[in-house]
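For reference, the structure is listed below as structure tokens.
The values are calculated or read from the model by the stated rules, or taken from the named source; none is laboratory data. Keep in mind that this is a model prediction, so the values were computed, not measured. Positions of Cβ are backbone-derived with ideal geometry, glycine not excepted, and every protein chain shown enters the neighbour counts. We work out accessible area using only protein heavy atoms, side chains counted, and drop any ligands, DNA or RNA first. Shrake-Rupley method; radii C 1.70, N 1.55, O 1.52, S 1.80 Å.
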Amino acid sequence: MTPPARPWFVGAWKRRSIMVPGGQPVEPCEAWWLQTGEVFVDVRVALPGMEHNGLPYSSTRVFAGRFEIVDGEARWHVVLDSDGLVPRTDRAAAAGLYIAPDDPLLMIEDAPGRFREEWVQHAAGDDVESVYAPNVLTVRIGDVSGVVISTGTAVVGRIWHPEGSIGIDA
């Protein structure tokens, strides 16, 4: 029996750039997003000298939670966040999340009037594991793994990838 195909958005994604209206594409941090069909782990670490860049989703932080597409919306239900803003739901038009027509390894997250992110796939969704408990969420996609944990006093997280790791420790 052949297992069901995974959704196209499942994978380990590293952000290449973010752009706000009227701006140029830039990358002020190392940002990794591990997405399964049901959960996600997101770890972002600002590059030296770029900590206060004023761009959305571009500060040092970790967050994780559940994911779904409902009624034409992609919904990230954030349950763990180093910024402390939980629970909350980040929403985007499902049509604004898509694979670039000229590059099958590039996902675009387009939030018109707010930002546009470009994400490069580093591991496909054919080898996926995840664990979701009240204070921890971990995802492994191929050779990229990530975890976000609430220690009770802080939320910390890390991504491990073939070239190294990034994260926020307590």
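Numbers below:
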{"quantity": "Simple Cβ-charge dipole of the chain, Lys/Arg +1 and Asp/Glu -1, about Cα centre, in debye nearest 20", "calculated": "300"}
{"quantity": "Per residue value of the accessible surface for region 63-113 (all protein chains in place, 1.4 Å probe), Å²", "calculated": "50"}
{"quantity": "Carbon plus sulfur fraction of accessible area for the chain, probe 1.4 Å, in percent", "calculated": "55"}
{"quantity": "Dipole magnitude of region 61-141 about its Cα centre (Cβ charges: Lys, Arg +1; Asp, Glu -1), debye to nearest 20", "calculated": "380"}
{"quantity": "Neighbour cut-off at most 16 other Cβ (10 Å), DSSP loop, chymotrypsin sites (Phe, Trp or Tyr not before Pro), region 1-98", "calculated": "Trp8"}
{"quantity": "Ratio of the Cα radius of gyration of region 1-144 to 2.2 N^0.38 Å, where N counts its residues", "calculated": "1.02"}
